[in-house]
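Some notes on the structure that comes next.
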């Protein structure tokens with residue numbers, strides 16, 4: 001039993017001294033780079049430039065920050081710069097010059113932030129320097145409100161919206177730079193541009209956090225680089241296995257007739273409807289109750305797998321570049337509580353909310369009421385911060401539908417954030433934090449079922465689909481328990 | 001009791017709650033390494049507020065300040 005529990009599908013290569021020694025030598029480095037290139041080629045078409053950037057960084061570790069900046073801008077250029085989701089409602093003929101001015105808008109956004117950063121750091125006693133993140137967010141929201149009142153057909157609107165879209169993409173990276181402004185590990189602002197949308201993977205959520213954190217986790221010796229790269233290989237190949245499992249499950253749950261009749265020779269499928277389909281079908285009315293449950297659970301499982309793979313691949317690239325970051329998703333099914341699952345499921349998004357919303361709230365409000373202090377700060381992060389992040393990310397909708405209309409379309413997601421924040425807050429206050437204090441039955445049966453069950457049910461409301469009301473979602477929730485209205 | 005010893009004892013108690021051993025060096029990473037999480041950092045904040053009157057609301061918060069015993073010592077006696 002002990003031997004079975006210690007079994008690893010992918011061995012812990014980074015803990016074997018001989019392997020670590022080999023990984024520091026030229027043949028070892030070449031082998032690791034080749035293994036990574038082979039693995040990453042299954043995940044991205046840009047595997048060749050990515051591998052080239054990694055090779056240069058592997059052999060010139062002393063130039064890593066500069067190389068990272070070059071690699072990041074190189075990968076942005078190769079990908080035609082970030083997708084800024086130009087609003088569809090702007091006439092198409094206006095979109096043609098976008099390709100040419102996108103780098104200029106990007107440069108303008110970076111200069112805008114550099115000026116803001118200089119003002120904040122050089123006038124530390126100024127009112128705007130006291131709360132620079134809040135002020136930047138408020139300023140951005142005001143710009144969005146102003147832009148929604150401009151006629152969309154004008155060329156100026158196109159430039160303004162592109163500028164706002166670029167700022168929106170970089171907003172949380174900028175915030176990390178502001179958070180890091182006091183940290184002694186923070187590199188020069190010019191080099192920090194290489195940490196915004198780093199070449200190992202793109203997300204509006206900074207992976208992994210800001211420049212100070214990256215400097216902290218950077219490999220500082222050949223041995224540390226070897227360990228980081230071995231962990232990268234392990235994580236990448238683990239992600240590929242999970243990806244395979246996800247595709248097999250997709251085939252079994254949904255079939256993949258639109259792509260090919262079978263996957264890996266599996267032509268059998270259960271024909272489970274998607275969660276979107278059951279929610280839209282009169283809030284699940286036209287499907288039997290067990291099919292509603294299957295749709296919900298299948299969606300949760302596939303999403304969990306997809307999400308794990310996505311984060312693992314980005315972190316694997318980061319580790320390969322010499323930054324030994326923690327995993328984004330770490331054994332969520334072993335969570336000891338609702339708060340623990342939130343920490344394990346999407347670590348870097350949770351960190352973003354903690355750094356930008358939780359700490360500022362925690363350090364200011366309800367200091368004399370410890371429980372209320374913790375609860376309120378958690379609600380500010382998982383509820384308000386979560387909603388604000390997703391609202392600002394949906395800039396295409398804001399441009400197309402307007403500021404207030406888009407905000408209204410987030411009412412179901414606002415409810416989701418409220419429940420999530422409340423549940424995590426209560427979990428932090430009252431749930432056991434470690435599984436070692438639990439009985440076997442509670443640890444292995446009750447806790448996973450209730451924690452995963454909670455998030456599975458809550459995923460019903462994880463939606464910004466404005467075609468469905470909050471009532472529709474509640475009707476679907478009730479139908480799961482065979483409660484019918486009308 | 002010496003401040004360094006007092007904080008070290010507090011950190012050892014914190015590590016015990018996270019199933020980690022009590023031995024660590026003054027410069028060892030406790031948070032970035034994954035030994036402690038953000039909830040543990042909060043307990044450190046509250047401890048330092050109560051024991052040393054630390055107020056981070058104006059100063060700004062940096063999790064790295066809590067990453068090692070040396071960093072924490074720098075925080076309470078800048």
Residue A:411 versus residue B:33: modelled label distance in nm, points set 7 Å from Cα along the beta carbon direction: 5.1 nm
Centroid-to-centroid separation of segment A:204-241 and segment A:266-281 [C-alpha atoms, Å]: 37 Å
Pairwise centroid distance, computed over Cα atoms, of segment A:101-164 with segment A:46-72, Å: 30 Å
Inverse mean reciprocal Cα-Cα distance (Kirkwood Rh) of chain B, Å: 12.5 Å
Ranked A:371, A:169, A:443, criterion: other C-beta atoms within 10 Å, fewest first: A:371, A:443, A:169
Gaussian network model of chain B, Cα within-10 Å springs - most flexible of B:65, B:19, B:28: B:19
Least to most buried among A:174, A:366 (fewest other Cβ within 10 Å first): A:366, A:174
Estimated FRET transfer efficiency when R0 is 25 angstrom, pair residue A:56-residue A:107 (beta carbons, to 0.05): 0.55
Residue A:79-residue A:188 FRET efficiency (beta carbon distance; Förster radius 30 Å; 0.05 resolution): 0.75
Residue-averaged beta-carbon neighbours from other chains (10 angstrom radius) around B:63-75: 2
Per-residue mean of C-beta atoms belonging to partner chains within 10 Å, peptide B:49-60: 3
Partner chain coverage, peptide A:349-360 - average Cβ within 10 angstrom: 3
Nearest-ten-degree value, helix B:3-17 long axis tilted from longest Cα axis of chain B: 50 degrees
Zone residues, segment A:412-433, relative to residue A:331, backbone N less than 18 Å from point 7 Å out along Cα-to-Cβ: A:432-433
Burial ordering of A:438, A:57, A:320, fewest other beta-carbon atoms within 10 Å first: A:438, A:57, A:320
Cα Rg over Rh - chain A, Kirkwood: 0.96
Modelled label reach - residue B:4, point 7 Å along Cα→Cβ, segment B:49-75 residues with backbone N closer than 15 Å: B:68-75
Spin-label pair residue A:156/residue A:419, simplified geometry with 7 Å Cα→Cβ offset, distance in nm: 4.5 nm
MRE, 222 nm, helices only [DSSP H, n ≥ 4, -39500 (n - 2.57), over chain B, to nearest 500]: -16000 deg cm²/dmol
Nearest 10 degrees, 0 to 90: helix B:38-52 Cα axis against chain B principal axis: 50 degrees
Whole-Å distance, taken between Cα centres, linking segment B:42-78 and segment A:371-448: 27 Å
Cβ-derived FRET efficiency at R0 60 Å, residue A:276 paired with residue A:30, nearest 0.05: 0.85
Ranked by how many other beta carbons lie within 10 Å on average, peptides A:402-408, A:346-352 from highest: A:346-352, A:402-408
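Each reported figure results from applying straightforward, stated rules to the coordinates on display, with no laboratory input. These numbers come from a predicted model, not from an experiment. Here the Cβ is made from the backbone with ideal geometry for all residues, glycine too, and neighbour counts use every protein chain on show.
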